[in-house]
Amino acid sequence: MDHDTAIRQSVFKYLDTLRMLHGQIFKWSDLQRGFKYQGAVVPLIGAKGIWKPKVLDLPISIATSPNRPYNDSFNSDGLLDYQYRKDEAGSADNNRLRSVMLKGLPLVYFHAMSKGNYDASWPVYIVGDNPQTSTFTVAVDDHSQIGRPHSEDAIGESDVIRRKYITQLTRTRLHQSAFRVQVLEAYREQCAICRLKHTPLLEAAHIVPDADPDGEPIVSNGLSLCKIHHAAYDQNILGITPDYDTEIRLDILEEVDGPMLKHGIQEMHGTKLIIPRDMKKQPNKELVARRYEEFKSAH
């Protein structure tokens, strides 16, 4: 195994460990701190989008800004479009990415969810270079493909189909992940109903489902709820009025069961919803009212 390959595989193993410890979202501080390889520190991300640590001759990762619109990242073929660096030092980095493409080297793609929070996909490959649009085309591949040749002359039709499919799955995952991060941040990482603050137990609930034409993945169509209250909301056991009051379905209020029903559901009746401080991120009252009518009809 050559030096470049050994370091890249060590990077992927380190990311596997971070994900196992901390979940899907990676912190900038952890990525920038990196890990040690034969005594040398290997940061995984830098101030610029195209990142090459000192121990490598070519980049190890590419990253997007949290201010970049989600839909602008993917093209009509379902693959990722990555913009050239256009600052003074950009030419050298762009040429390094072209070398990465020709050699078929794997990279990590860091997609910014919010400031300091990234979702990561690996391995990804540069599969196209379009000077007219100043973009590189990027495809995500399966982890099982790490270590096998990926130069241009080693790629077949089945590889192209597999990469397109996995990239489309990645797009869906990024969509869901971004929505969760942004909703939980707006609600200060607590359940809007019971105030639970254990992040692994929190979910981003849609007020209007994403399958609905009005079900956009934006914070004003979301609620930060713990798993039990998310399920109760989806099943119309629990409703939220346009004035942001919590209501529990009458038959559930009259039911006699254990402490979870009593304290976790029934005692939430009449409580006020916690809402974001930023008015633009508060629940859309029209959508809340529409969803509340559905709750009432389920009585």
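For the range 198-226, enumerate the residues that are assigned to a loop (DSSP other than H, G, I, E, B), loosely packed, with under 13 Cβ neighbours inside 10 Å and not small (Gly, Ala, Ser).
Passing the criteria: His198, Pro209, Pro213.
Of everything in the range 16-58, what is within 21 Å of Tyr82 (Cα to Cα) and part of a strand (DSSP E or B)? Give them in sequence order.
Ile25, Phe26, Ile50, Trp51 - these are the residues of the range 16-58 that are within 21 Å of Tyr82 (Cα to Cα) and part of a strand (DSSP E or B).
In the range 146-156, is there at least one residue being at positive phi and either among the small types (Gly, Ala, Ser) or under 23 Å from the mean Cα position of the chain (by Cα) (or both)?
Taking the range 146-156 and keeping what is at positive phi, we get 147.
Those left that are additionally either among the small types (Gly, Ala, Ser) or under 23 Å from the mean Cα position of the chain (by Cα) (or both): 147.
Yes, the range 146-156 contains a residue that is at positive phi and either among the small types (Gly, Ala, Ser) or under 23 Å from the mean Cα position of the chain (by Cα) (or both).
Tell me, please, whether a residue that is crowded, with 17+ Cβ neighbours inside 10 Å, at pLDDT 95 or above and part of a loop (DSSP other than H, G, I, E, B) can be found in the range 59-75.
Within the range 59-75 (the criterion being crowded, with 17+ Cβ neighbours inside 10 Å, at pLDDT 95 or above and part of a loop (DSSP other than H, G, I, E, B)), the answer is yes, since at least one residue qualifies.
Give me the residue from the range 88-119 that is among the small types (Gly, Ala, Ser) and not in a helix (DSSP H, G or I) and, out of that set, modelled with the highest pLDDT.
Looking only at the range 88-119, we keep the residues that are among the small types (Gly, Ala, Ser), and these are 89-92, 99, 104, 112, 114, 116.
Now restrict to residues that are not in a helix (DSSP H, G or I): 89, 104, 112, 114, 116.
Numbers: Ala89: 64, Gly104: 92, Ala112: 89, Ser114: 83, Gly116: 89.
The residue in question is Gly104.
List the residue pairs whose Cβ atoms are under 6 Å apart, where the first residue sits in the range 277-299 and is farther than 20 Å from Tyr187 by Cα and touching a residue at least 40 places away in the same chain (Cβ under 8 Å), the second is of a type outside the set (D, E, K, R) and in a helix (DSSP H, G or I), and the two are 6 or more positions apart or on different chains.
Every condition considered, no pair remains.
Which one of Ala192, Ala211, Ala231 is farther than 14 Å from Gln282 by Cα, out of contact with any Lys or Arg (no Cβ under 8 Å at 6 or more places or on another chain) and modelled with pLDDT of 90 or more?
Values: Ala192 fails: farther than 14 Å from Gln282 by Cα; Ala211 fails: modelled with pLDDT of 90 or more.
Answer to the check: Ala231.
Go through (1) over 30 Å from Ile228 (Cβ atoms); (2) aliphatic (A, V, I, L, M); (3) touching a Ser or Thr at 6+ places or on another chain (Cβ under 7 Å) for Ala204 and report which single condition fails.
If we test Ala204 against (1) over 30 Å from Ile228 (Cβ atoms); (2) aliphatic (A, V, I, L, M); (3) touching a Ser or Thr at 6+ places or on another chain (Cβ under 7 Å), just (1) comes out false.
Quick check on my filter: what residues within the range 137-159 are in contact (Cβ under 8 Å) with a residue 60 or more places away in the chain and either surrounded by 15 or more Cβ atoms within 10 Å (Cβ to Cβ) or touching a Gly at 6+ places or on another chain (Cβ under 9 Å) (or both)?
Selection gives Thr137, Val138, Ala139, Val140, Ile146.
Report yes if Ile275 is outside any helix (DSSP H, G or I), aliphatic (A, V, I, L, M) and within 31 Å of the chain's Cα centre (by Cα), otherwise no.
Yes: the conditions hold for Ile275.
For the range 36-56, state whether one or more residues are polar (S, T, N, Q), assigned by TED's automatic domain parsing to the domain that holds Asn94 and in contact (Cβ under 8 Å) with a residue 60 or more places away in the chain.
No, that holds for no residue.
Yes or no: the range 1-15 includes at least one residue that is exposed (fewer than 15 other Cβ atoms within 10 Å of the Cβ), modelled with pLDDT under 95 and not in a helix (DSSP H, G or I).
Yes: the range 1-15 contains one or more residues that are exposed (fewer than 15 other Cβ atoms within 10 Å of the Cβ), modelled with pLDDT under 95 and not in a helix (DSSP H, G or I).
What is the residue count in the range 258-298 for residues that are out of contact with any strand residue (DSSP E or B) (no Cβ under 9 Å at 6 or more places or on another chain), exposed (fewer than 12 other Cβ atoms within 10 Å of the Cβ) and either of a type outside the set (D, E, K, R) or outside the structural domain of Leu238 (by TED's automatic domain parsing) (or both)?
Going through the range 258-298 one residue at a time, the tally reaches 6.
The values are calculated or read from the model by the stated rules, or taken from the named source; none is laboratory data. Everything numeric in this text was worked out from a predicted model, so none of it was measured. In this analysis, Cβ positions are derived from the backbone assuming ideal geometry, glycine residues included, and neighbour counts consider all displayed protein chains.
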